[in-house]
Amino acid sequence: MMKKITIAIDGYSSCGKSTMAKDLARRVAYTYIDSGAMYRAVTLYAMQTGLFEGDNLDLEGLKRAVPNIRITFAVNPATGCSETYLNGQNVEQQIRTMAVSDKVSPIAAVGFVREAMVRQQQTFGRDKGIVMDGRDVGTVVFPDAELKIFVTASPEIRAKRRLTELQRKGESATFEEVLHNLAKRDHIDSTRKDGPLRQAADAVVIDNSDLTIDEQNSILQGLFEERTRQ
Ligand code: DC
């Protein structure tokens, strides 16, 4: 029998981590967890409860709020996709807006928020058989993951992909705005003190700037087979 493993997929914003992680999870019948969605849900909660005043974040208020924030995932039977719930309410659409993207990095830089999210992520992965994507999955959440992938792509390609995704959802943004938002998030994500975006020493690097989805999938499938055989 093939052994069940833990798969950690980290990398910059909008380089196709989630497509990659979702496709792989579906093919090998593993659970998929989008750790970024959890930071986005905390951000939405902070926005909805008035913890932001412009760009100023009420840290004390956030600290008090964290125990009241319950994030869960459920597969939508119509699409087969995992969707994010905040205190029982489906927030999958809301957490993907530019408004949330603009505020998520400062939230994800807060130590006590990361601590709470990481703890929950580790619970999700207790029984292995999980694919999780994020920034610190291979370094902090699952340092012992059997397969770690670090995904990169050029900033222009990433901005183009994000713009297409936003436009498909009917949001208007310019290429420059998206490029700027990505650069800003990458900077905050890579330089924060707690759980910065960093390549794990034992991660396999995949630059998918010039890869088709099929090519990417077959690289991953090969790695999966190799690691489950060992
Ligand atoms: O992957 P994403 O763009 O949905 O992630 C949203 C934000 O959350 C991103 O700016 C970085 C942060 N994040 C994080 O700090 N740690 C993770 N494991 C996943 C996401």
Residues satisfying the stated conditions in the stretch 189-211, i.e. closer than 14 Å to residue 150 by Cβ and buried (at least 19 other Cβ atoms within 10 Å of the Cβ): 189, 197, 200, 203, 206, 208
Test: residue 104 is assigned to a helix (DSSP H, G or I), within 14 Å of the ligand (Cβ to nearest atom), in contact (Cβ under 8 Å) with a residue 40 or more places away in the chain and over 21 Å from residue 182 (Cβ atoms): no
Residue 186 vs. criteria exposed (fewer than 15 other Cβ atoms within 10 Å of the Cβ), among the charged types (D, E, K, R) and under 16 Å from residue 15 (Cβ atoms): no
Failed condition for residue 214, given (1) at pLDDT below 95; (2) surrounded by 13 or more Cβ atoms within 10 Å (Cβ to Cβ); (3) part of a helix (DSSP H, G or I): (2)
Residue in the stretch 125-138 that is nearest to residue 204 (Cα to Cα), counting only those that are more than 12 Å from the ligand (Cβ to nearest atom) and touching a helix residue (DSSP H, G or I) at 6+ places or on another chain (Cβ under 9 Å): 131
Considering residues of the stretch 139-150 that are near the ligand (Cβ under 10 Å from one of its atoms) and not polar (S, T, N, Q) only, the residue surrounded by the fewest Cβ atoms within 10 Å (Cβ to Cβ): 140
Candidate set: the stretch 111-144, residues that are among the β-branched types (Val, Ile, Thr) and part of a helix (DSSP H, G or I); chosen: the one farthest from residue 41 (Cα to Cα): 139
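Let's see how each residue does on (1) small (Gly, Ala, Ser); (2) closer than 19 Å to residue 121 by Cβ:
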site: 33; (1), (2): no, yes
site: 40; (1), (2): no, yes
site: 56; (1), (2): no, no
site: 70; (1), (2): no, yes
site: 82; (1), (2): yes, yes
Filtered residues of the stretch 36-63 (kept if outside any helix (DSSP H, G or I), free of Cβ contacts under 8 Å to residues at least 24 places away in the same chain and not hydrophobic (A, V, I, L, M, F, W, C)): 49, 50, 53, 54, 56, 58
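The values are calculated or read from the model by the stated rules, or taken from the named source; none is laboratory data. Source: prediction; values computed, not measured. All Cβ positions, glycine included, derive from the backbone under ideal geometry; neighbour counts span all protein chains shown.
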